[in-house]
Amino acid sequence: MKLEKIPMVQNWKLIDKDGEILHDPSKYQRLVGRLIYLAVTRPDIVYLVRTLSQFMNTPRKPHWEATLWVLKYIKGTPGQGLFLPSEINLTLNAYLIQIEEDVVLQGVLFLVIVFFLDHHLPLGNQRNKRMYHVHR
């Protein structure tokens, strides 16, 4: 099996009416579901997985081939991705920010969602407690 070094071929267009429908769509659905889970630690495949997940109802042969390409890419780039150690207690904080009304252009309301992935500081001594409160 030839491993891939790029996540997707440039100008690769996947459309819902191209190619023959897969006989067993459950294999495609399970594989894409696992890729969705993996995309949490592999930001380099998020766009591809999002694109492939759009064809979950009626996957076709080109979609399956693109999914296999992603698997070859993952296997060929084992050092990529985020390392999340199990002994650190991580929290995901999300903030919704509404842009002020005077900045709104042509009646369009702008909302920004910001995510922070961080770990809790140990609460063992007073110094760490102060750091923890400032940090939050």
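The values are calculated or read from the model by the stated rules, or taken from the named source; none is laboratory data. Fair warning: this is a prediction, and the values are worked out from it, not measured in the lab. Glycine gets a Cβ as well: all are built from the backbone with ideal geometry, and neighbour counts include every protein chain shown.
Residues are listed down the side, and each one gets a yes or a no for (1) modelled with pLDDT of 90 or more; (2) in a strand (DSSP E or B):
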| site | (1), (2) |
| --- | --- |
| Tyr28 | yes, no |
| Leu31 | yes, no |
| Asp44 | no, no |
| Glu65 | yes, no |
| Trp69 | yes, no |
| Gly81 | no, no |
| Ile88 | no, no |
| Asp102 | no, no |
| Phe115 | no, yes |
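Among the residues of the range 55-67, not a single one is under 30 Å from Leu90 (Cα atoms), aliphatic (A, V, I, L, M), free of Cβ contacts under 8 Å to residues at least 60 places away in the same chain and surrounded by 14 or more Cβ atoms within 10 Å (Cβ to Cβ).
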